[in-house]
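Inspection log for the structure reproduced underneath, given as structure tokens.
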Amino acid sequence: MENCYKVLGVPVNATAAEIRKAYRRLAKELHPDASRDEGTTDAFRRITEAYKILSNARERAIFDESFFTRHHTRRSNVAYFDYRTWLLAREDEESRAKLIFFDLMHHREDDAVAEFKRMTTNCADFSLKRWFTREDFMDYGYILAEELVLRSEYYDAVLLLEQIIRMEYSFSYFRLFFPEVLQFTKDILKRNIEGCISDELALDVWERALDLGFGKADDVFFLKKMSAAYQRIGDPATAAICLAEAARIGG
């Protein structure tokens with residue numbers, strides 16, 4: 001197994017930005033179309049393969065565990081690189097985001113949820129999707145949402161699922177898995193919001209749901225729930241507006 005970090009000329013603690021920069025620099029030098037050296041074809045293939053691994057959070061974690069464990073086993077004088085320990089020691093948003101998904105996929109679900117809650121509480125603009133591919137964010141985000149629901153963190157689960165749904169709507173094609181995301185989100189909104197979180201937070205997620213294109217019947221459901229919540233918090237005027245809109249949509 002080739003050392004991807006050595007191929008790209010970056011340290012093992014390189015950030016995603018550093019890895020991209022190194023790859024782009026080498027690609028310009030080694031691309032077959034830009035060089036007359038016949039040896040550049042193989043070199044370009046090697047840096048491309050290394051970049052594919054290191055630019056993907058899941059593939060990088062797998063590589064780190066496999067390569068560095070094997071390296072440590074064969075050469076005991078070389079210190080074992082513990083990817084999780086390295087992530088834990090860093091406080092930048094990228095590292096914390098990768099720590100969340102790393103723990104999620106290594107049977108440390110409680111740690112993943114706790115770190116996600118900490119980051120979303122302390123960093124108003126914290127975003128997991130910023131650091132992952134669309135596919136990884138959809139897959140891992142869904143799993144994280146499931147773990148949040150298991151811990152009755154319904155509000156955070158809906159906000160996370162909303163990000164996945166909006167991201168998928170921005171593409172012209174959908175994966176077969178996407179309908180499961182929609183159904184899971186609707187189930188939470190219908191079964192785990194009223195009486196489980198405050199009316200103020202419930203109103204927030206139901207209002208968000210109206211923009212997610214679930215359909216007329218679902219929108220009528222959300223509007224009626226919103227009307228009841230507005231009544232409870234002492235806003236009958238807005239409650240009446242919600243009922244009227246539900247009647248209009250429902251025909």
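Can you pull out the residues in the stretch 92-129 that are of a type in the set (A, V, I, L, M), open to solvent by less than 60 Å² (accessible area, probe 1.4 Å) and not in a helix (DSSP H, G or I)?
Matches in the stretch 92-129: Leu128 only.
Which ones in the stretch 195-234 are farther than 23 Å from Arg248 by Cα and in a loop (DSSP other than H, G, I, E, B)?
Gly195, Cys196, Ile197, Ser198, Ile233, Gly234
Could you figure out which of (1) surrounded by fewer than 20 Cβ atoms within 10 Å (Cβ to Cβ); (2) closer than 27 Å to Arg108 by Cα isn't true of Leu161?
(1)
Please find, within the stretch 238-251, the residue that is most open to solvent (accessible area, probe 1.4 Å) out of those that are aliphatic (A, V, I, L, M) and more than 27 Å from Leu161 (Cα to Cα).
Within the stretch 238-251, the match that is most open to solvent (accessible area, probe 1.4 Å) is Ile241.
Evaluate the following for Leu150: is it of a type outside the set (Gly, Ala, Ser), open to solvent by less than 30 Å² (accessible area, probe 1.4 Å) and closer than 26 Å to Ala114 by Cα?
Here the answer is no, as Leu150 does not meet what is asked.
I'm checking my understanding of the structure. Among residues of the stretch 1-14 that are in contact with a Lys or Arg (Cβ under 9 Å, 6 or more places away or on another chain) and of a type in the set (Val, Ile, Thr), which one is surrounded by the most Cβ atoms within 10 Å (Cβ to Cβ)?
Result: Val7.
Of all the residues that make up the stretch 195-237, how many are small (Gly, Ala, Ser), open to solvent by 10 Å² or more (accessible area, probe 1.4 Å) and closer than 21 Å to Met167 by Cβ?
Here the count works out to 2.
Within the set of pairs 6 or more residues apart or between chains, which connect a residue that is under 17 Å from Leu243 (Cβ atoms) and among the acidic types (Asp, Glu) inside the stretch 208-222 to a residue that is open to solvent by 30 Å² or more (accessible area, probe 1.4 Å) and not in a helix (DSSP H, G or I) with Cβ atoms less than 6 Å apart?
What qualifies is Asp219/Leu210.
The values are calculated or read from the model by the stated rules, or taken from the named source; none is laboratory data. These figures come from a predicted structure and were not determined experimentally. Cβ coordinates were reconstructed from backbone atoms using ideal geometry, including for glycine residues, and neighbour counts include every protein chain displayed. Keep in mind that these areas ignore ligands, DNA and RNA; they rest on the heavy atoms of the full protein, side chains included. Shrake-Rupley method; radii C 1.70, N 1.55, O 1.52, S 1.80 Å.
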